[in-house]
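Only one structure is covered here, and it is reproduced in the block below.
Any read-out appearing in this document is the output of simple, stated calculations on the displayed coordinates, not a laboratory observation. Given the structure is predicted, the values throughout are model-derived calculations rather than measurements. Cβ coordinates were reconstructed from backbone atoms using ideal geometry, including for glycine residues, and neighbour counts include every protein chain displayed.
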Amino acid sequence: MRRFRAIPLAIPVLLILAGCSQQESASYEDTSSGTDRTENSATPNIGVSAAPGVAFSYDYRFGLDAGKIATLQERHATACEALGLDKCRITGLRFSRYGADRVGATLELALAPDLARSFGKDAMAAVEAAKGVVTQIEIAGIDQNPALKNSERDSEAARAERARLEAQLDGGKLPDTARAELVRQIAAQKAAEQAAKAQGEAARTALATTPVRFTYSTDGFLPGISLDRTARAALGFAAMLLNGLFALVVVLGVLAIPLGLILLVLAHGRKGARWLWHKLAPQPEEG
C-alpha cells in the first residue's frame, strides 16, 4: 500500500520537471534560432578602417514580391537623398516589368566610404521587413596604395629631372641644337609629371566614393498565396488545357480517315481476300 500511495505524490513532481525541461528546451531553440538569423543576415565585417587605401564596391541582390520592388527602390533612393549630395549620389536607376509577377530593377549609388557598409545593412533590413530575401552579397576591393606610391615616386622623379634640365638650360651659352634638345626633354618630363599626378588623382577619386549597387528581382523569390495570383494561375492553366485539347482534336481529325481505312481493312480483310480468291481462282472444268 505504501508503494501505491507514493505514486500520486510523484506524479505532480514529474509533471513540474517535464514542464521545466520543455521551457529550457524551447528557450534554447529560440536563442539558437535567433543566433542563426543574426549570423545569416550579417555581412562580412569589412570596412574602410580595416583596409585603408582599398577602394571597395558593394553589390547587393534582393528577391522580392513584384508588388513591393518599386516601393523599396524608392525608399532606398529617398534614404540616399536624405544624406545629401556630399554623402550620397544616385548614379543610375532602372525599373523593368516583364509580366504580372516578374519585375527587375536596379539602383546605383555613390556613397561616402564611411557610410557605405551601414547603408547596405539598413537596406537589407528594409528588404527583410518587406518579407524579401537577400540572395547575394558581393564586396570587391581594389588596393590603391601601389598607385598612390607610384604616382608620388614618378612625379617626384620627373620634377627633379626637370629641375636639373632647366638648370642646364639656364646656365651658360649652349648651341642651338643642345638648347632644343634640353627644351624637348623638359617638355617630356613635364608630361611625365602630369601623367603621374593624374594616376594619383584617379586613385584618390576611387577612394573618395564607394559604389553601391542594389539589384531587385522576383527571380528566386517564392511569392505567397493571393486571390489575384491564384486566379491568374488558374486561368493560365485552363487556357493551356484548352489549347492542348484543341490540338488533340485536330490531330485526331487528321488521322481519322487513315485510321478508319486501316480498321476497315482489318475487320473485313479476310472476307474480302476470300472473295477475291474465288473470283481469280480458275474454275474446275465440268466433265
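Before moving on, here are some points about what is shown:
- Spin-label model, Ala195 to Ala130: label points 7 Å out along the Cα-to-beta-carbon direction sit 4.8 nm apart.
- Compared with the alpha-carbon gap, the fully stretched path from Glu152 to Ala178 is longer by 6.4 nm at 0.36 nm per residue.
- Taking amide H atoms as placed 1.01 Å from N in the peptide plane, the amide H of Thr91 lies under 5 Å from those of Glu108, Leu109, Ala110, each 5 or more residues away in sequence or on another chain.
- Violating pairs (Cα-Cα greater than 25 angstrom) within the set Lys87/Lys149; Lys149/Lys190; Lys87/Lys121: Lys87/Lys149
- Across region 165-177, rounded Karplus estimates of 3J(HN,Hα) from the backbone phi angles (6.51 cos²θ - 1.76 cosθ + 1.60, θ = phi - 60°) give 5, 5, 5, 5, 5, 7, x, x, 8, 10, x, 4, 5 Hz, Gly and Pro being marked x.
- Full-stretch length increase - Leu93, Ala77 - with 0.36 nm per residue and alpha-carbon distance subtracted: 4.9 nm
- Taking label positions 7 Å along the Cα-Cβ direction at both Ile139 and Val250, the computed distance is 5.7 nm, reported to one decimal.
- Distant-in-sequence amide H partners of Gln144 (H built 1.01 Å from N, under 5 Å): Val54, Ala55
- Working from label points 7 Å from Cα in the Cα-to-Cβ sense, the Glu108 to Ala51 distance is 2.1 nm.
- Electrostatic tally near Gln73: other residues with Cβ closer than 14 Å to its Cβ, Lys and Arg +1, Asp and Glu -1, net +2.
- Efficiency of FRET from Cβ geometry, Thr205 and Ala160, R₀ 35 Å, rounded to 0.05: 0.85
- Segment Leu242-Leu169, length gained on full extension (0.36 nm per residue, minus Cα span): 17.0 nm
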